Amino acid sequence: MINQEEFFKKITSHAKEYGFVFPSSEIYDGLSAVYDYGQNGVELKNNIRQYWWKSMVQYHENIVGVDAAIFMHPTTWKASGHVDAFSDPLIDNKDSKKRYRADVLVEDFIAKIEGKIDKEVAKAQKRFGDAFDEAQFRATNQRVLDNQEKINAINKRFYKALDQNDLADVKLLIEELEIACPVSGSRNWTEVRHFNLMFSTKMGSTADGANEIFLRPETAQGIFVNYLNVQKTGRMKLPFGIAQTGKAFRNEIVARQFIFRMREFEQMEMQFFVRPGDEKQWYEYWKAERMNWMLSLGIPTEKFRFHAHEKLAHYANAAADIEFEFPFGFKELEGIHSRTDFDLGAHQKFSNKKLQYFDPDTNESYIPYVVETSIGLDRMFLAVLSYAYNEEKLEDGSERVVLKLPAVLAPYKAAILPLMKKDGLPEKAREILADLREDFMCHYEEKDAIGKRYRRHDAIGTPYCITIDHQSLEDNTVTMRERDSMQQERVKIDELAAIIRKKIKPVKV
Ligand code: GAP
């Protein structure tokens with residue numbers, strides 16, 4: 001058994017070796033927490049984006065898309081609260097000179113106590129066997145209760161200090177908990193400070209005339225400022241949604257875990273505008289829809305879980321994350337937030353433009369409420385990749401690495417492989433390629449032995465390898481090898497497209 005860290009390392013090196021993800025500007029030693037997608041990565045990423053867009057825009061009559069600019073008027077970020085409040089509490093260790101997020105230090109400390117609880121539970125489970133009642137044990141065992149109480153007290157104090165912007169108390173808490181720097185081992189900490197996560201740049205040529213503008217830290221605001229444009233020109237009636245995918249930028253302090261937390265990343269967001277009072281019902285609807293979207297890819301349900309936010313942002317009246325079990329544990333993949341009328345209300349105030357909706361059913365004008373779904377495209381990429389990565393021992397004793405990607409997301413749907421480079425087989429193979437590539441990304445390969453070619457396509461997740469041999473010239477059949485089972489079947493060339501089309505259909509949930 002390899003541990004989680006080794007497994008994660010394998011995924012990152014596989015991603016690089018097979019042209020999925022490269023460190024940015026690698027010839028200059030890379031740029032921290034910035035990555036480039038390679039020839040296979042771009043296909044997988046495009047496919048995830050398209051799968052999302054289809055499910056949100058194409059399959060919903062009342063959702064339309066936009067593509068807003070990355071640069072926005074600077075007041076946007078004042079109104080949204082990002083200028084004043086989009087920051088992390090930071091603390092430096094004076095000996096190692098390393099910088100940490102204070103909340104991450106506290107969370108890691110809590111995780112250690114949770115680990116102790118889990119150990120108690122596992123020990124008791126072993127002792128009592130089948131008769132073990134975990135819920136009862138957690139509710140009655142004194143050591144578990146003491147540790148849980150410790151966690152609750154830390155959480156309460158920490159969130160209160162953050163809410164009241166009492167950074168001195170955050171530092172005091174870190175000292176009282178005796179949290180040490182993982183690098184130097186010392187508890188020699190600086191004060192806690194706020195650090196705004198937005199990147200800024202200058203627009204305009206002269207120093208005096210230039211305006212400071214921000215690279216958007218979320219795509220959502222591009223939707224809010226276009227709410228009225230879309231509602232009026234699209235004659236949209238509530239409830240309706242606006243979807244967008246695009247780049248977002250955050251100067252993350254603790255940028256780690258490969259493409260999980262990047263400084264430049266892509267979001268897929270949808271703002272759903274509803275009548276005030278209806279938001280809780282729509283919040284539940286979108287939670288279920290988004291979970292179904294994940295499951296429609298055939299990834300098992302136990303890899304996902306909901307995590308309701310304990311501490312709500314000031315503008316939200318409900319919020320939950322869909323977490324995925326990444327190689328480093330369950331972590332946020334998507335957020336579903338009931339954002340009330342906070343954003344539109346703030347933009348109305350700051351812009352002095354009415355952003356109200358006239359409801360023909362009630363003859364009233366009001367600012368709609370919003371339920372948001374927000375998923376990181378790169379995080380989804382990592383979720384899919386880490387789920388798909390498999391090392392298998394085969395019956396003949398050999399080994400293979402196979403990416404069991406959902407077929408709809410695979411970079412190539414089929415590899416077209418003439419068995420030999422002669423006797424008219426390449427020509428026949430190219431005929432098949434010309435036909436199939438009208439509808440599917442296909443890859444033509446004639447180099448190396450067929451077994452080697454199969455392995456290469458296993459490693460990038462191609463669901464089907466289609467081999468053209470001498471019999472193909474006689475009866476228009478080919479062998480079709482399925483990636484996961486490695487089963488080979490002789491099929492008619494005419495049937496190939498239909499078989500592939502069936503394979504890439506979403507799973508019904
Ligand atoms: N508009 C709401 C919003 O931006 P968020 O929870 O800050 O909410 C939404 O971000 C999603 O964007 C996250 O669930 C995550 O998937 C992705 N995301 C956020 N920061 C990221 C980062 N630094 N790198 C990669 N993905 C990120």
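Counting Cα-Cα pairs of the chain in 10 Å increments starting at 0 gives whole-percent bin shares of 3, 15, 23, 24, 19, 11, 5, 1, 0.
Ordering 149-155, 222-228 by mean Cβ neighbour count within 10 Å, with the highest value first, yields 222-228, 149-155.
Each Lys and Arg Cβ is given +1 and each Asp and Glu Cβ -1; about its Cα centre, region 1-70 then shows a dipole of about 180 debye. Only helices enter this figure: runs of n ≥ 4 DSSP H residues, each worth -39500 (n - 2.57), summed and divided by the residues of the chain, yield -11500 deg cm²/dmol at 222 nm to the nearest 500.
Applying 1/(1 + (r/R0)^6) with R0 = 51 Å to the Cβ-Cβ distance of GLU191 and GLN488 gives a FRET efficiency near 0.15. Figure legend: label point modelled 7 angstrom from the Cα of LYS505 along Cα→Cβ; residues of region 434-459 with amide N under 18 Å from it are 440. A simple spin-label model places pseudo-atoms 7 Å from Cα toward Cβ; at GLN4 and LYS116 they are separated by 2.0 nm. With a simple spin-label model that places each label point 7 Å from the Cα along the Cα-to-Cβ direction, the separation between ASP163 and LYS452 comes to 6.5 nm.
Rounded to the nearest 0.05, what FRET efficiency do GLU178 and PHE199 give with R0 = 30 Å and r taken as the Cβ-Cβ distance? Could you check? My answer for the efficiency is 0.25. Here region 1-150 is treated as a Stokes sphere of Kirkwood radius computed over C-alpha pairs; at 25 °C and 0.890 mPa s its diffusion coefficient rounds to 113 µm²/s.
Ligands, DNA and RNA left out, the accessible area of region 398-503 computed with a 1.4 Å probe is 48% carbon and sulfur. Other residues whose C-beta falls under 11 angstrom from the C-beta of GLU325 contribute a net charge of +1, scoring Lys and Arg +1 and Asp and Glu -1. Semi-axes of the equivalent ellipsoid of region 194-237 are 30, 16, 6 Å, computed as sqrt(5λ) over the eigenvalues of the C-alpha gyration tensor in descending order. Max-minus-min Cα coordinates of region 87-196 on each principal axis give 51, 31, 22 Å, with the largest extent listed first.
Under 15 Å from the 7 Å Cα→Cβ point of ARG138, by amide nitrogen: which residues of region 291-318? Residues passing the 15 Å test: 305-308. With the largest listed first and rounded to whole Å, the semi-axes of the equivalent ellipsoid of region 398-503 from the Cα gyration tensor are 20, 16, 12.
The values are calculated or read from the model by the stated rules, or taken from the named source; none is laboratory data. Everything quoted here is computed from the prediction, not taken from an experiment. Here Cβ is always computed from backbone atoms with ideal geometry, including for glycine, and neighbour counts include all displayed protein chains. Calculation scope for accessible area: heavy atoms of the full protein, side chains included, ligands and nucleic acids excluded. Shrake-Rupley method; radii C 1.70, N 1.55, O 1.52, S 1.80 Å.
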